[in-house]
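Bear in mind that the values in this text are calculations on the coordinates, not laboratory data. Values in this document were obtained by computation on a predicted structure and should not be read as measured data. All Cβ positions, glycine included, derive from the backbone under ideal geometry; neighbour counts span all protein chains shown.
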Number of protein chains: 4
Amino acid sequence: MIGCGFMGRAHSNAYRKVGNFFDLEHECVLQAACARNKRNVTAFAAQWGYASVETDWRQLLARDDIDLVDICVPNDLHAVIATAAAKAGKMILCEKPLAMNGSQGRQMVAAVEKARVPNMVWYNYRRLPAVTLAKQLIDEGKLGRIFHYRAKFLQDWTISPELPQGGTGLWRLDVKAAGSGVTGDLLAHCIDTALWLNGRIEKVSAMTETFIKTRKHNLTGKLAKVGIDDACAFLARFGNGSLATFESTRYARGHKALYTFEINGEHASIFWDLHDLHRLQYFDHRDPSNVRGWRNIHVSDSDQPYLKHWWVPGLQIGYEHSFVHQVADFLKGLETGQPAGPTFRDALETQFVCDAVLKSAKTQKWEKVAK
Amino acid sequence: MIGCGFMGRAHSNAYRKVGNFFDLEHECVLQAACARNKRNVTAFAAQWGYASVETDWRQLLARDDIDLVDICVPNDLHAVIATAAAKAGKMILCEKPLAMNGSQGRQMVAAVEKARVPNMVWYNYRRLPAVTLAKQLIDEGKLGRIFHYRAKFLQDWTISPELPQGGTGLWRLDVKAAGSGVTGDLLAHCIDTALWLNGRIEKVSAMTETFIKTRKHNLTGKLAKVGIDDACAFLARFGNGSLATFESTRYARGHKALYTFEINGEHASIFWDLHDLHRLQYFDHRDPSNVRGWRNIHVSDSDQPYLKHWWVPGLQIGYEHSFVHQVADFLKGLETGQPAGPTFRDALETQFVCDAVLKSAKTQKWEKVAK
Amino acid sequence: MIGCGFMGRAHSNAYRKVGNFFDLEHECVLQAACARNKRNVTAFAAQWGYASVETDWRQLLARDDIDLVDICVPNDLHAVIATAAAKAGKMILCEKPLAMNGSQGRQMVAAVEKARVPNMVWYNYRRLPAVTLAKQLIDEGKLGRIFHYRAKFLQDWTISPELPQGGTGLWRLDVKAAGSGVTGDLLAHCIDTALWLNGRIEKVSAMTETFIKTRKHNLTGKLAKVGIDDACAFLARFGNGSLATFESTRYARGHKALYTFEINGEHASIFWDLHDLHRLQYFDHRDPSNVRGWRNIHVSDSDQPYLKHWWVPGLQIGYEHSFVHQVADFLKGLETGQPAGPTFRDALETQFVCDAVLKSAKTQKWEKVAK
Amino acid sequence: MIGCGFMGRAHSNAYRKVGNFFDLEHECVLQAACARNKRNVTAFAAQWGYASVETDWRQLLARDDIDLVDICVPNDLHAVIATAAAKAGKMILCEKPLAMNGSQGRQMVAAVEKARVPNMVWYNYRRLPAVTLAKQLIDEGKLGRIFHYRAKFLQDWTISPELPQGGTGLWRLDVKAAGSGVTGDLLAHCIDTALWLNGRIEKVSAMTETFIKTRKHNLTGKLAKVGIDDACAFLARFGNGSLATFESTRYARGHKALYTFEINGEHASIFWDLHDLHRLQYFDHRDPSNVRGWRNIHVSDSDQPYLKHWWVPGLQIGYEHSFVHQVADFLKGLETGQPAGPTFRDALETQFVCDAVLKSAKTQKWEKVAK
């Protein structure tokens, strides 16, 4: 484990729980936690039961008793660590977004594929049961031809101009560490899900905005220009002919982490909302006309994805379980030889869309998505 | 039209509109409005287009140009007016509840049946499209064996102890005018719907409460004991073996007129809510297990009850339309000879349940409902 | 009244009801209904109580006993009739959109302003109580600086390729009669509300799509190219610095007439949905932090817009009431000399936005909105 | 840990997680799992990391290396085990309901109080953040005088007559093992919460029903009379003068585990629903009248109960977390010497209400609740 912040906790919890709830050949052994600050990483290791600590990730990669590294550090460090880890022959789980941009991502893909190491990116929302159920319904052809896709990810935590940028907990506001603002942080999630559910995005027209132009920088203590996008919206056309709108912001008062998507097909539609992540809304036009309505599905039954591993119908699971499922699927992939997605290669496509979005916001034109 | 209060307006609106939206043999002609206060009734008649006014309902009944009387006065006057109207051979539409109690109601039923005059009671909620759709689904057997019925009617407008009782607009708080509090006013609606949808109620166990013990009486200006029930809840057993809970109050902060009912059957369940009267919630266990959910039906399509007479799908109608539907059905009943319910006889059953409820609240025992 | 289709009914109902519920100096007298088909217009006049019929709108305009004309015909006839009516000195209420395009609209504005005739366009949604309440909250400054606006209007009634285009009831699919598809029909509503609530739109980037390329034309009986936009989405920047997404389609399975808008401000946010038009969602960040939440406001109280004219708290009104309110406000405007909006001039701005949207969809570029 | 069924898993998960998320002096060490079936308990211990296994709970109690026992076995065994454990000086966490009835419960309370061993009963729903928040709001006086309490717990998993009774996973249908049906299983939860939030219940009037009269018994293989209550509803009066309705059933089609409660106070009201356990509905009448509405609170912020220990705002936790919180509070209680509730003594009150309910259902009279 490299990094001991929010994601470090979420992943550690997943490693510790997965064996209690899933029958798997492989067991997770928490060998080492790694972070620059010795005191922090020692406390983290103690709390989560890591057997040892490191303060330099190169040291960690040099160890023989480490089979897999989990990269939970700011975006600007993903590429260098992942490339080195691949060379060292470690399996790699990398936080999203894969990279700072597509060209960096391309190099990372090349590295893991050359080294033939199992790899995955933590686009965890795919593995919330309701989202996986949506995927199943689409794959079964329940929706028919797709006309529309719309996604948004709305937050409201950076509205105050007093909030500084940079440093622990706030590197997401620092463009040097994060690469971009909501595009790489939030829209990347929306794009990953969309590509998975609805296929390739061909082209986009985007706009971005930075509402608060300067913020104190935590590393320098001085007021500095804000380089990230506070908000981003884009139009898109998918390869299957459907139209899409995407939007993300951290200035939507009243929404903490409202990631929603909706898909409208010829026969049926689907809606999902992260604020009620255990529900899926489903409308089927083939229902008798006088009793047609959006079905509010409480996704907590044993015949719904992942749920036989948990409690009983009606009793919901939460956010953290998506990580447990991702670990379970990754380990199952090792067993079966069928790697679980999204691999680095899958995640590179999301990176290409992000690149096109940010480019379009600058050029004020429609931009094609690289392949 | 006898009475020119809230219900007088609601019914007048219905008489004026019904011909614009429904094709009917009979036309409503607003011949006369009647109320004690000359100035009020004159203004009312002017506003609604009544051709004449009366200040004594006996005068009205004596007129030859009146075919039908609509009784929209406080409950204590229903019996005397309805009985006289029946003797005068007038058709009668009477506000709910039918009477102050069952024995009074029995006399009224005898009067209209002896006189063979068409009659109906204004339990208007039956004719909201979503409620009528519920009735259709039940009659089609969609629910199977019924296990549970639960209804409540919650308001919050009498919480202030400063609110007086008695007189215009507040006679519902005066036990002499109203007969009872929430039982006759609100639960009567719940009971009428329940009998219509789920059949006879056999017995009940009830409790009532008067939270504010004394209020100023508007007619005397003096503080007087409050004689009505502010709240009433009861358990019930239906003839079909299902169990029920009913509750009503005017002390439920946050609810203006929250009338809801839910029916749980072997195969399907239904839920409805007056605050979103254009929706019906429907759960069908025969849906495939992974996509089962409560269907939120937006009842606004032309193949749903009454709606072909109104606008287009998605555009909702409101409260007042229930009265238009009731007039339309009454007039259609005159055409076909199949009287539309609830007739006085139907409404008498509701009266019997109210009687049993109020009695049980006093005796603290289960009480059987009279037949 | 020129035209006796869906909107002819909605407006006639409004004229008939307004006097029952609003105290106004002016009274609506239904002098004449006008439509090409004699049989249809005669039946329409009989049903709604029009005193006479005309089959040529020029005849109608020539009559001295007509003070006001209501234009409820397909969009391609608005300009010619309105211009003639202005010359004839009639007051004009015109269905939306004002015109086929901005230049036509400009001429119409010139005509009514030259003739100094009172005029208004039927963007009725402004006058649903919940929407008017939103306007009040914004005008009171409750939201603070506005960051985001998002609106969509989703329907699903044209998904079947069997549906023909053109002729009675289907002229909205015929580009010659309608001018455009969802842009002029549905987005025009969204734009009107947006301009009213959030001010001028500066520029847009749009995409449109026609999913079904050919449909039988009802007037020729032959398969013909579909010229309208089935779907349209656009990004926009408002003059106040806020960002927006707009979307409309008739291919969103499960939505009959789902017009929603949301506004995110610094301090508070608002959400509204036509499918539950009597509710307004309101989030106020100034609420104590542990009990902050979206407030689901049941807009049915007498201190909320228009509602003192109707029933009692908890009892909702519906779609048709927006037209009654518009007539009431128009008549009140005649009394006070303060014309009620949207006037032709107000509606012209919406037309300019529609023009820019349709142009952008063609040019694939951001387009500025004309002034 | 005695018992390795559903609750055994839920509690084991709590013991394993609590140290990762809460800073506590005490650490949970999973010393031994105990169940009759050697193979089952061995597998259970392996999966959850228990250091040893026992097949006789008396053996377990005899061990010196056990400080605390957790009783997760059918209700008929609670008393004998708990009494013995108290004598052995072990701390005791006992599944709910405390006992088969009040007199048995009284003995258990006597045993733990005599032995002075820390003790608690697993009424876990108290510790869902939204429910705890409700408690805080009530304790702060936000609601004012309480008028109404209503709770229900609806399930639908026993509707099929093919479902047998008795044995592993189905002992809840066997009256000998369970003591009662929904009353002890589901209503007990509702009652515990109600007593905690709203104080003592004075008297009740109840009805119960067994819809399916006979079911195959898994232990004998023969059809046997069903002795449990399939459904139970009761009216109640609280010591504070408020009225209540309670209902529970396993025959409410469409509801998996719909536990809801609502409290109506003079100034504010609260509603909660287990199916969306991370939300609390709150209505405050002191809000300005035109923007009053039920606030839908997404309980996921760090200043809401327990949540600073978990993720970030907007990211919900689930059912299982209630157990983690209960362990955390129990351990904190050991540190501070302020025992966390509900203790055996607290849970005895719930038992007395259950007794009165079951008695009233038999006598068909109002019954007082023992003290």
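Near the amide H of B:ARG63, within less than 5 Å, lie no amide hydrogens of residues on another chain or at least 5 residues away, with H placed in the peptide plane. Comparing Cα centroids, segment D:195-261 and segment B:269-308 end up 27 angstrom apart.
Near B:GLY166: Cβ cut-off under 13 Å, other residues only, Lys/Arg at +1 and Asp/Glu at -1. The net charge is +4. Structural descriptor for chain B: relative contact order 20 percent, calculated from alpha carbon pairs under 8 angstrom and at least 6 residues apart. Need one number: % antiparallel among DSSP beta bridges in the protein assembly as shown, to the nearest 5. So the antiparallel bridges amount to about 70 percent of the total. Considering only D:LEU137, D:LEU258, D:LEU315, the mean-square fluctuation computed in a Gaussian network model of chain D, springs between alpha carbons under 10 angstrom, is largest for D:LEU315. Given labels modelled 7 Å from the Cα in the Cβ direction, how far is it in nm from C:GLU113 to D:LYS216? If labels sit at C:GLU113 and D:LYS216, their model points lie 8.5 nm apart. Candidate cross-link partners of B:LYS216 among the lysines, defined by an alpha-carbon separation under 17 Å and a same-chain spacing of 8 or more, comprise B:LYS176, B:LYS225. Excluding the site residues themselves, the longest part of chain D lacking any GluC sites (Glu not before Pro) in a DSSP loop with at most 10 other Cβ atoms within 10 Å is D:163-371. Using the Karplus relation 6.51 cos²θ - 1.76 cosθ + 1.60 with θ = phi - 60°, the per-residue 3J(HN,Hα) values for segment C:83-92 come to 5, 5, 5, 5, 4, 7, x, 8, 5, 9 Hz, with x marking Gly and Pro.
With springs only between Cα atoms under 10 Å, which of C:HIS285, C:HIS11, C:HIS321 fluctuates most in a Gaussian network model of chain C? Of C:HIS285, C:HIS11, C:HIS321, the most mobile in the Gaussian network model is C:HIS285. Peptide B:210-219 shows a mean partner chain C-beta count of 1 within 10 Å per residue C-beta.
Scanning chain C for the beta carbon that comes closest to the axis linking it by rotation to D yields C:ARG295, 3, distance in whole angstrom. Charges were assigned to the Cβ only: +1 to each Lys and Arg, -1 to each Asp and Glu. The resulting dipole of segment B:164-209 about its Cα centre is roughly 80 debye. Grab the other residues whose beta carbon is less than 12 angstrom from that of A:ALA115, score K and R as +1, D and E as -1, and report the net. It works out to a net charge of +3. Largest mean-square fluctuation among A:SER242, A:SER302, A:SER12, in a Gaussian network model of chain A whose springs join Cα atoms under 10 Å apart, belongs to A:SER302. Legend: mean number of C-beta atoms from other chains within 10 angstrom of residue C-beta atoms, peptide C:250-263, equals 6. Let me check I've understood the local charge: for B:LYS152, count other residues with C-beta under 9 angstrom from its C-beta, Lys and Arg +1, Asp and Glu -1. What total comes out? So the environment of B:LYS152 carries a net charge of +1. For chain C, DSSP calls about 65 percent of its internal beta bridges antiparallel.
With 21 Å as the limit on Cα-Cα distance, the pairs of D:LYS90/D:LYS371; D:LYS17/D:LYS332; D:LYS142/D:LYS332; B:LYS213/C:LYS308; B:LYS256/C:LYS308 that go past it are D:LYS90/D:LYS371; D:LYS142/D:LYS332; B:LYS213/C:LYS308.
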